[in-house]
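*Asks:* Attaching a single structure in structure tokens format; questions to follow.
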Amino acid sequence: MKKILGIGGLLVFVCTLTAILNPDFVSAYNLQNTIRWTALFGIISVGVSFVIITGGIDLSIGSVVGLVGSMLAWLLTQKGWSIPSALGAILFVSLLIGICHGLLITKLKLQPFVVTLCGLLLYRGAARYITDDQSLGFGNSYEELRKLAVGKIQIPFLFPESFSLPIPFVILLVLGITAAVFLNRTIYGRYLFALGRNETAARYSGINTDFMKILAYVICSLSAGIGGVLFALDVNSIQPSGLGEFYELYAIAAAVLGGCSLRGGEGTITGVIIGAAVLRVLYNAINILRIPTHLEFAIIGAVILAGVVTDELVKRFAVKRRAARQRALERSGAGDHFV
Amino acid sequence: MADASDGSLLEVRELTKRFPGVLALRGVSLRILPGEVLAVIGENGAGKSTLMKILAGVQKADSGEILLNGKAAEIASVRDAIGLGIVLIHQELNLSDNLDIGANIFLGREPSRFGWMDKRRIHEASRPVLDRIGLRHSPGTLVSQLSIGQQQMVEIAKALSSDARILIMDEPTSSLSHHEAAQLFAVVRQLRSNGVSIVYISHRLGEVKELADRVVVLRDGANAGELGREEISHDQMVKLMVGRDVSQFYQHVPRPKGEVALEVRDLRTSANPSHSINLHVCGGEIVGLAGLVGAGRTELLRSVFAIDPFLEGEIRVAGKRIDVSHPRDAIHAGIGLVPEDRKEQGLVLEMAVRENLSLPSLRRDQKNGFLNRAEENRVTTQMIRDLNIKTPGPEQVVQYLSGGNQQKVVLGKWLAMNPKVLLLDEPTRGIDVGAKREIYRLMEQLAETGVAVLFVSSEMEEILGMSDRALVMHEGRITGELSRGELSEEAVMHLATGRIHKNQEACA
């Protein structure tokens, strides 16, 4: 909870500062764009947070986005597939990728870093091969489908008429709420947290740790697949070699900023989504405040580092206080315990 | 060289050390004379290891003094200790097994020429120390090719090469064969005659009797007594260690025996494939599984609980054969395991007491995959009360509890499952005396309700005090069974060292 307040505070701070320096930040157009991009990155960040909670990592997300995006355009425009069969094929591929990662990591006991690094290379190569490395687009067709990514809906009473909510954000809300309920309210969510902290103890408690880990990789790849579809529909002009490049790093950064520990066993969906928002707002601020864009990576890196350092310091303080409290309790506790 | 007043090489005065949740040392004092073998004994958790770690600079005392040759010595780091001639040889050896013997002996202080390591000089300088302890291997031999006993010799050589005057050995024979142990004793005696003082920590009273010039006994973090060479006897040592009548600590009440609850037939574990194991435990019975470290007891429990696959054999619970390929199956059949390593295997340390207690029962209590919060809270409250777990509340993170309370949480996980069979692997290792007694009471209460209890213990007192019946293992097989009436330290040791006894007694 404290973590969410911390990252939420950071988001408010960055937004306020940017708005003061350039009031254009709060224009409906700019906000809608920022929210749409937050949503797109939020979806893949929520996915990767499952893997991070198990103590793993997925470096292949960006390439899955690239592969899926290229496949969508290629199947629809080059191969003439219908929309449902194209989407079906894409979800199947994402699912398969997740299952493969999971099996290699749990059954062959390969390191997640290595498996998904190979995935990163493999799927990028596959995307470029099947499309002949040609850029693809939907042009003016598939208007309805593209609304999934670029559409907006008016929400009367809640927002002024000039502002409408981007549809990807609605998708993110649905996925995010589902993910949060899964993590916090189901026994499987508890299993993921437990095995992320101590896989051995989880197994000794009768948890099928392999299955749970495979499930986490499947959720991650599926989210990347959904993200890939939306990214492709959003940009319309798809470069198989470039779509989604480095997105895994943004997703991991958002998850870490949002309170996931790469050691596993920690993280909240709300935090991760706010983390994704912080990254997008920073990016947006760099643009509209006319900060040289070459500084983009440096600024984002510095903010993440500062966030993680603060978090660690706060955690240490909390640990000390808690240990002191326990000591006091045992000292006062009468009985057979000599202390 | 020693202080004229009492001739001590090293004197420790009133050392105190506190860890979160436990006062490990409460004003311990100790003298070490030049050229003696001083045994420090005590039960687990008595403070032996903490005391030795402080002497060797691994940990710092909260208060107290250390005098070397009568002068106050500051030991803030391992380096300081080595500089003063004090070296600790850990129970778990600290060698880099990818390096050779010579490199290990000189690790961290390699002779070098212009920054280049001088391998030849290392090997030359290693030879005399190796000769001194009678290890006939070339200094160029990789440590990974040595047996555990030989590796221990390398540790000793490493200590000697840094001119150690006080050598602290923590349970040095715990993983040695008899032959290797005998060799170690010879080296210890020879070092003593060369004027090296040896502090020898051991649970094995036989060894202590054989080697020690003097015995210091610790109990609950304080001095419990001292025995001179002539006073050292098994009974004297046990009396000081336990500090009370053993019979009072273990109040054995006979219980009615039920039907066979757990049966293991012709089980061959992958750890000991050449022997097959047969055993049974009746409902309401507490069976102790004794044996030396490495006898295959833990492996047996792990196979029954399906953590390690077994090669062949069958496991029956309440007469029904069960198929176990994952701990989940064993749990489903009504088996619980309190594992050997509480922190690694028993608990998710960073999670709350509630989350740990409910981990195995979540599946049973689920509502279509959703957590059953009400049931979870009920079970947690009940377990904290029934087991008298000392915690500020159900949300306290387990890692901040004392060892005894942590162990009660592990037990609580299984009690919540109402098991038919409870396996416990060293259930009281590293917990204080008060909590120990509570764990014993819990085991007895469980047996009274008809649970079959099978526990592994390396503490003789525990096996003798708790078992309705004891099974003894040696090198992967059960060498015999001792009924309550036949239980004695000698009888257990005979079987534990490989003499074969008789068949097992039947259930009701």
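*Asks:* Among DSSP bridges having both ends in region B:10-245, what percentage is antiparallel? Round to the nearest 5. Intermediate results must be reported in sequence, preceding the final value.
*Replies:* Numbers: 24 of 41 bridges.
Antiparallel bridges make up about 60 percent of those DSSP assigns within region B:10-245.
*Asks:* If you restrict to DSSP beta bridges whose two residues both lie in the protein assembly as shown, what percentage is antiparallel, to the nearest 5?
*Replies:* On the way: 52 of 87 bridges.
If we restrict to bridges inside the protein assembly as shown, about 60 percent are antiparallel.
*Asks:* Sticking with this one: Rounded to the nearest percent, how much of the accessible area of the protein assembly as shown (1.4 Å probe, protein heavy atoms only) is carbon and sulfur? Before the final figure, lay out the partial values.
*Replies:* Working: 20520 of 36540 Å².
The computed percentage sits at 56.
*Asks:* Give me the orientation-averaged projected area of the Cα convex hull of region B:282-404, in nm², one decimal. List each step's numbers first, then the result.
*Replies:* Numbers: hull surface 38.6 nm².
Across all orientations, region B:282-404 yields a mean hull projection of 9.6 nm².
*Asks:* For B:MET52, B:MET460, write out the residues from largest to smallest accessible area, computed with a 1.4 angstrom probe and no ligands counted. Each step should come with its number before you reach the end.
*Replies:* Values: B:MET52 0, B:MET460 35 Å².
Correct descending sequence by accessible area is B:MET460, B:MET52.
*Asks:* Give the dimensionless ratio obtained when the Cα radius of gyration of the protein assembly as shown is divided by 2.2 N^0.38 Å. Please list the in-between numbers first.
*Replies:* Numbers: Rg = 32.2 Å, N = 847, 2.2 N^0.38 = 28.5 Å.
My calculation over the Cα atoms of the protein assembly as shown gives 1.13.
*Asks:* In whole angstrom, note down how far apart the Cα centers of region B:428-495 and region A:35-50 are.
*Replies:* With region B:428-495 and region A:35-50 each reduced to a Cα centre, they are spaced 55 Å.
*Asks:* Let me ask something additional. In square angstrom, rounded to the nearest 10, how much accessible surface does B:THR141 have for a 1.4 Å probe?
*Replies:* 30
*Asks:* Go ahead and run the numbers for FRET between A:LYS107 and B:PHE114, Cβ-Cβ distance against an R0 of 51 Å, rounding to 0.05.
*Replies:* On the way: r = 51 Å, r/R0 = 1.00.
That gives a FRET efficiency of 0.50.
*Asks:* Still on this structure, please answer the following. Highest first, please rank the peptides A:129-136, B:323-330 by the mean number of other Cβ atoms sitting within 10 Å of their residues.
*Replies:* Numbers: A:129-136: 15.1, B:323-330: 17.9.
Answer by packing, highest mean first, reads B:323-330, A:129-136.
*Asks:* Also, quick follow-up: How high is the relative contact order of region B:248-496, in percent, counting Cα pairs under 8 Å that sit 6 or more residues apart? Spell out each step's value before the answer.
*Replies:* Details: 503 pairs, mean separation 72.0, N = 249.
RCO, region B:248-496: 29 percent.
*Asks:* Sticking with this one: Given labels modelled 7 Å from the Cα in the Cβ direction, how far is it in nm from B:SER138 to B:PHE370?
*Replies:* About 7.2 nm, to one decimal.
*Asks:* Still on this structure, please answer the following. Suppose accessible area is computed on protein heavy atoms with a 1.4 Å probe; arrange B:HIS332, B:HIS275, B:HIS494 from highest to lowest.
*Replies:* On the way: B:HIS332 165, B:HIS275 50, B:HIS494 80 Å².
Largest accessible area first, the list is B:HIS332, B:HIS494, B:HIS275.
*Asks:* For region A:1-129, what does the accessible surface come to per residue with a 1.4 Å probe? Please give it in Å².
*Replies:* On the way: 5700 Å² over 129 residues.
Accessible area per residue, region A:1-129: 44 Å².
*Asks:* Please express the shape of region B:10-245 as an equivalent ellipsoid: the semi-axes are the square roots of 5 times the eigenvalues of the C-alpha gyration tensor, given largest first in whole angstrom. Numbers along the way, then the final one.
*Replies:* Values: eigenvalues 194, 86, 47 Å².
The three semi-axes for region B:10-245 are 31, 21, 15 Å.
*Asks:* Compare the Cα positions of A:GLY55, A:TYR283, A:ASN208 along the charge dipole of region A:2-297 (+1 at Cβ of Lys, Arg; -1 at Cβ of Asp, Glu; about the Cα centre) and return the one farthest towards the positive end.
*Replies:* It is A:ASN208, whose Cα lies furthest towards the positive end.
*Asks:* Using only atoms on other chains, find how many Cβ atoms lie within 10 Å of each Cβ of peptide B:365-371 and report the average. Before the final figure, lay out each step's value.
*Replies:* Details: counts 1, 3, 3, 2, 6, 7, 7.
Taking all residues of B:365-371 together, the mean is 4.
*Asks:* If you count, for every residue in B:391-400, the Cβ atoms of partner chains within 10 Å of its Cβ, what is the mean? Before the final figure, lay out the partial values.
*Replies:* Working: counts 3, 6, 1, 0, 0, 4, 4, 0, 4, 9.
Taking the mean over all residues of the peptide, I get 3.
*Asks:* Per residue of B:344-354, count partner chain C-beta atoms within 10 Å of its C-beta, then hand back the mean as an integer. It would help to have the intermediate numbers written out before the result.
*Replies:* Values: counts 4, 7, 5, 5, 12, 3, 10, 7, 0, 0, 0.
Per residue, the average neighbour count from other chains is 5.
*Asks:* Considering the Cα positions of region B:248-496, please state its Rg to one decimal place and its Dmax as a whole number of Å.
*Replies:* When restricted to Cα atoms, region B:248-496 yields Rg and Dmax of 17.5, 55 Å.
*Asks:* Continuing with the same structure: From the backbone phi of region B:344-358, what are the Karplus-calculated ³J(HN,Hα) couplings (6.51 cos²θ - 1.76 cosθ + 1.60, θ = phi - 60°) in whole Hz, Gly and Pro given as x?
*Replies:* Calculated HN-Hα couplings, in order: 8, 10, x, 10, 9, 4, 7, 9, 6, 3, 4, 5, 6, 4, 8 Hz.
*Asks:* Moving on. Using just the Cα positions, wrap region B:399-495 in a convex hull and report its mean projected area in square nanometres, one decimal place.
*Replies:* 7.0
*Asks:* Now, a different point. Between A and B, buried accessible area summed over both sides at probe 1.4 Å, in Å² to the nearest 100?
*Replies:* Using a 1.4 Å probe on protein heavy atoms, the buried area is about 3900 Å².
*Asks:* Find the accessible area per residue for region A:166-311; the probe is 1.4 Å, ligands and nucleic acids are left out, and the unit is Å². Walk me through the numbers on the way to the answer.
*Replies:* Values: 5260 Å² over 146 residues.
Heavy-atom accessible area per residue stands at 36 Å².
*Asks:* On to the next question. Which value, in debye to the nearest 20, describes the size of the charge dipole of region B:10-245 about its Cα centre when Lys and Arg Cβ atoms bear +1, Asp and Glu Cβ atoms bear -1, and nothing else is charged? Please report the intermediate quantities before stating the final value.
*Replies:* On the way: 29 positive and 29 negative charges, 96 e Å.
That gives a dipole near 460 debye.
*Asks:* Taking the dipole about the Cα centre of region A:1-158, with the C-beta of Lys and Arg at +1 and of Asp and Glu at -1, give me whichever of A:HIS101, A:VAL26, A:ALA127 is farthest to the positive side.
*Replies:* A:HIS101
*Asks:* Highest mean first, what order results for B:194-203, A:218-227 on Cβ atoms within 10 Å? Please list the in-between numbers first.
*Replies:* Numbers: B:194-203: 20.5, A:218-227: 27.8.
Averaged packing, sorted descending, gives the order A:218-227, B:194-203.
*Asks:* Then there's this: Whole percent per 10 Å bin, from 0 to the bin with the longest distance: what is P(r) over all C-alpha pairs of chain B?
*Replies:* Per 10 Å bin, starting at 0, the Cα pair percentages come out as 4, 17, 25, 25, 18, 9, 2, 0.
*Asks:* Springs between alpha-carbon pairs under 10 angstrom, Gaussian network model over chain A: which of A:ILE52, A:ILE207, A:ILE35 fluctuates most?
*Replies:* Ranking A:ILE52, A:ILE207, A:ILE35 by mean-square fluctuation puts A:ILE207 first.
*Asks:* About its Cα centre, what dipole magnitude does the protein assembly as shown give when the only charges are +1 on Lys and Arg Cβ and -1 on Asp and Glu Cβ, stated in debye to the nearest 20?
*Replies:* Details: 88 positive and 85 negative charges, 307 e Å.
The dipole of the protein assembly as shown has a size of about 1480 debye.
*Asks:* A follow-up question, please. For region B:170-247 and region B:103-167, what is the separation of their C-alpha centers, rounded to whole Å?
*Replies:* Taking the Cα centre of region B:103-167 as reference, the centre of region B:170-247 is 27 Å away.
*Asks:* Taking every DSSP beta bridge with both residues inside chain B, roughly what % is antiparallel (nearest 5)? Show your work: numbers first, answer last.
*Replies:* Numbers: 46 of 81 bridges.
Approximately 55 percent, going by the DSSP bridge assignments.
*Asks:* Under a 1.4 angstrom probe, counting protein chains only, how are B:GLU36, B:GLU489, B:GLU231 ranked by accessible area, largest first?
*Replies:* From most exposed to least exposed: B:GLU231, B:GLU489, B:GLU36.
*Asks:* Using the charge dipole of the protein assembly as shown (Lys, Arg: +1 at Cβ; Asp, Glu: -1 at Cβ; taken about the Cα centre), state which of B:GLY393, A:PHE297, B:SER63 has its Cα farthest towards the positive end.
*Replies:* It is A:PHE297.
*Asks:* Where does helix A:209-235 land angle-wise versus the long Cα axis of chain A, in degrees 0 to 90, nearest 10?
*Replies:* Between helix and principal axis, roughly 30 degrees.
*Asks:* If you don't mind, another one. Taking the Kirkwood radius as the inverse of the mean 1/r across Cα pairs, report the Rg/Rh of region A:2-297. The partial results should precede the final answer.
*Replies:* Details: Rg = 19.1 Å, Rh = 19.6 Å.
That ratio equals 0.98.
The values are calculated or read from the model by the stated rules, or taken from the named source; none is laboratory data. Quick caveat: nothing in here was measured; it's all calculated off a predicted structure. When we count neighbours, we look across all protein chains shown, and the Cβ atoms used for this are built from the backbone with ideal geometry, even at glycine. Quick note on the areas: whole protein, heavy atoms, side chains included, nothing else; ligands and nucleic acids left out. Shrake-Rupley method; radii C 1.70, N 1.55, O 1.52, S 1.80 Å.
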